[in-house]
1. Any idea which of 262, 224, 280 is furthest toward the positive side of the dipole for the stretch 165-341, if Lys and Arg beta-carbons carry +1 and Asp and Glu beta-carbons -1?
2. Which percent of Cα-Cα pairs in the stretch 283-353 sits in each 5 Å bin, short to long?
3. For every other residue with a beta carbon closer than 12 angstrom to the beta carbon of residue 402, add +1 if it is Lys or Arg and -1 if Asp or Glu, then tell me the sum.
4. Once you have the Cα-Cα distance between residue 394 and residue 213, take 0.36 nm times their residue separation minus that, and quote the gain in nm to one decimal.
5. Along the principal axes of its C-alpha atoms, what lengths does the stretch 7-77 span, in descending order and rounded to whole Å?
6. Just how much of residue 396 is accessible, in Å², when a 1.4 Å probe is used and the result is rounded to the nearest 10?
7. Could you compute the FRET efficiency for residue 231 and residue 165, with r as their C-beta to C-beta distance and R0 at 41 Å, rounded to 0.05?
8. To the nearest 20 Debye, how big is the dipole of the chain about its Cα centre, given +1 on the beta carbon of each Lys and Arg and -1 on that of each Asp and Glu?
Amino acid sequence: SAPVQVQLVVPVAVVFSSGSVPGDLPSPLPFRDVQEMEISVNLRTSVTSRYEMAYRATTAQEEAALAMATAREADAALRRLQDVSMGSLTMYVVPETSSLLPQGTSIYVGRHRSALVRAGGSLAALHTHLRQVTQVMSFTATSIAAALSDRVPDGRLSPDARRSLKSSLGYEITFSLLNPDPKSHAVDWDIEGAVNRYVKPVLDKLSLVANFSVDSQILYYAVLGVTPRYDKESSSFLLSAHSLPHVINPVEARLGSSAASLYPVLNFLLYVPERSHSPLYIQDKDGAPVSTNAFHSPRWGGIMVYNVEAPASPHASLPLHVDVDMARVMEVFLAQLRLLFGLSREELPPEFLLESPGNEGLADWELDHLLWSHTVENIATVSTTLTSLAQLLDKIGNIVIKDDVASEVYRAVASVQSAVSKLAMGHLHSAFQASKEAVTSSERAFFDPSLLHLLYFPDDQKFAIYIPLFLPMAVPILLSLAKIVRETRQHKKEPTKMD
């Protein structure tokens, strides 16, 4: 793979409120220092993370915001006062006695790009906390390794690292309602209302990362590929964890959306089990029921089983009318969407408190988290694409490179260089945009129809094609040439005899 050298710079403001300044500061406020960390990927790929810390004291307005009753209110008030550029973080250090943070919590991560950190007495203790929280809010070695998963030696990656979707310029999301038994269940779901209410705010926020299109469908008589097992004790049907992979294939054949799509498709399936298999519950590996009654498949999507309550009287008329509780369903699907994008909250020490992202579905710093990893992944993808293109052009000596292909290659190289230099300046948003342009240009060049290597034959193939055509004509020509040669030789020999 092509060499990639990237330096990720995160501007971090560390703001001390009154009564929280540790006694052992190396110099009076304000001052700056830099912390670097090497993220090892492989020999040809080096990623350095560089946290540029600027230490200062609070302003009067910040002090007033930190005097609010709760951390959430303080977070909202501070947002109006801080640097909101993407990829930059602000850490507010509050005194150890501060009542803003609940008992037992030393770090509160808000919805935006700031955190509250309880002063730990000494600078060393504070540094440990700052390092933890800056990594959570920007990128960890794991998230960068996952973005470069194609370059990482196999054994070195946790299985989770390959779960999240590859970076793409667009994604298609399909919501499908599977009703295998329409004779018994007439199912209604207000998918349009639910998408507008729950999914749209999340996708509006993610629109910076990629383009999204959403569609929905209802499939009748679509059954799961596995027959659930009947459990006498609970008089219900069970799907065990190890049978879940076999559930997807038969259903996928009916979905039919991914074949015609340019972009990765995310499938979210709501399955209403037929009456003969109701109620149906999903079990985890240990045989315990899964609370959401849903499961997800990395890079593919998720399935939720929606049980219908049996009618009170056995003589109720069929089909039963079912109104799906969309709030419950969307809560599960949005959690799965976060997992697919690698936004699952990592296991954090108990002294961390992360604010829930609310109806936007993801916090500002989580969006940055995505941008960091997608930018790095895009840079790596472009360098691989351009290297492959160069190798192809080297192999075929007589290939014709059109001007528009050449200009796309130049544009891709310029955009990658711009992305790398913007990352080194700590300008995340413009770095991400440049990396996206680089991907577009490099793919346009790589997939240009004029560069199909099938258009250019190697020399041995040319001979193989043309010899059978010329051979029948060549035989009489060669014979007459031989005859001419023989006759000239005879003419030369004859005069010597007469002597």
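The values are calculated or read from the model by the stated rules, or taken from the named source; none is laboratory data. Fair warning: this is a prediction, and the values are worked out from it, not measured in the lab. Cβ atoms come from the backbone with ideal geometry, glycine included; neighbour counts cover every protein chain shown. Areas reflect the complete protein model, heavy atoms only, side chains present, ligands, DNA and RNA absent. Shrake-Rupley method; radii C 1.70, N 1.55, O 1.52, S 1.80 Å.
1. The listed residue farthest towards the positive side: 262.
2. In order of increasing distance, the bins hold 3, 12, 17, 16, 17, 14, 9, 5, 3, 2, 1, 0 percent.
3. Counting the neighbours of residue 402, the net charge comes to -3.
4. 61.2 nm
5. Each principal axis gives a Cα extent; for the stretch 7-77 these are 50, 30, 15 Å.
6. 30
7. Efficiency, from the Cβ-Cβ distance: 0.70.
8. Values: 42 positive and 52 negative charges, 371 e Å.
Charge dipole, the chain, about its Cα centre: 1780 debye, nearest 20.
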